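K.L.:
Quick one: structure below, then a few questions.
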Amino acid sequence: PRKQLVVVTATYNRAMQAYFLNRLGQVLRLVQPPVLWVVVETKAASAETDELLRKTGVVYRHLVCAKNASSVKDRGVHQRNVALDHIRLHRLDGIVYFADDDNVYSLQLFESLREISRFGTWPVAMLAQSKNKALLEGPVCNGSQVIGWHTNEKSKKLRRFHVDMSGFAFNSTILWDPKKWHRPTCNPIMQLDTVKEGFQETTFIEQLVEDESQMEGMPPGCSKILNWHLHLDSRNLVYPKGWVLQKNLDAV
Ligand code: UDP
């Protein structure tokens, strides 16, 4: 049987949330066999989000992370921890993938995820806003063997693995092994606070695998872009005069 996909999305209320969740939901709906979408909101699970998720037709679980982010750099970390705990508690068997709500995903990506046996990674195309440049982050491969990394940001050169949050996925069975995590089951899996901005992914991945030899580069050759990491958020959005909708999510 083909592996189940558990797609984890951290999301929070802001002007484009409904647009992002709808866009992602519509891609996920096309994936066959169906994926399980674990969506984690901050503070409260809003009725608007729930309705939106229901209308996408995707099988979902709507969770909440009450803990507030202690700083901007936490972006979604607590929420991903809640999802990981849920996956562990309910023994959700499959390939776990962190899909941020604002990225752009190809269908082929989700097909490729099912090929992963333990830990898979691939290059993600990103937009460097300040330079208006497209950059790559992720593995350089010989077949499916990872032999190096694309990285462009000098400040991040010290990272062990140059992978974007949306550029890897892993088998949930890795989470079952208590010895691997060196601690009792309930502690957070993703490190916080002590981790510098830009180091979250590598810190987490270092807990999943020892080195490149345990990674599967995909698709073979790692020469295809399967998803884009964009920065499309519009901050401080101004609504037109006479706008009658009360909440951002109602605008759908
Ligand atoms: N996110 C969240 N709460 C926050 C900030 C971000 O749930 O306070 C989510 C956001 O919806 C997205 C993911 O975390 O799914 C990554 O956020 P963002 O795109 O802002 O991070 P970046 O692209 O800069 O890494």
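K.L.:
Which value in deg cm²/dmol, rounded to the nearest 500, describes the helix-derived mean residue ellipticity at 222 nm for the chain, given -39,500 (n - 2.57) per DSSP H run of n ≥ 4 and division by the residue count?
P.N.:
When only DSSP H runs of four or more count, the value is -6500 deg cm²/dmol.
K.L.:
Which one, PHE98, PRO240, GLY138, is farthest towards the positive end of the dipole of the chain when Lys and Arg carry +1 and Asp and Glu -1 on their Cβ?
P.N.:
Toward the positive end, the furthest listed residue is PRO240.
K.L.:
Select from GLN200, GLN129, GLN214 the residue whose mean-square fluctuation is largest in a Gaussian network model of the chain (Cα-Cα springs shorter than 10 Å).
P.N.:
Top of the fluctuation ranking is GLN129.
K.L.:
Separate question: Go from 0 up to the bin containing the longest alpha carbon distance in segment 42-144, width 10 Å each, and give me the % of pairs per bin.
P.N.:
In whole percents, the pair-distance histogram is 10, 33, 37, 18, 1.
K.L.:
Helix 47-56 versus the longest principal axis of the chain: what angle, 0 to 90°, nearest 10, using Cα atoms?
P.N.:
Tilt relative to the chain: about 60 degrees.
K.L.:
Which one of SER106, SER130, SER223 has the biggest mean-square fluctuation once the chain is modelled by GNM with Cα springs under 10 Å?
P.N.:
Evaluated over the chain, the most mobile residue of the options is SER130.
K.L.:
Please give the direction-averaged projected area of the C-alpha convex hull for the chain, in square nanometres with one decimal.
P.N.:
14.2 nm²
K.L.:
OK, next. Which of LYS241, LYS224, LYS196 ends up with the largest GNM mean-square fluctuation for the chain, with Cα atoms connected below 10 Å?
P.N.:
Of the options given, LYS241 has the highest mean-square fluctuation.
No value in this document is a laboratory result; all are computed from the given coordinates. From a predicted model like this one, the values you see are computed outputs, not experimental measurements. FYI the Cβ positions are ideal-geometry reconstructions off the backbone, even for glycines, and counts take in every protein chain you see.
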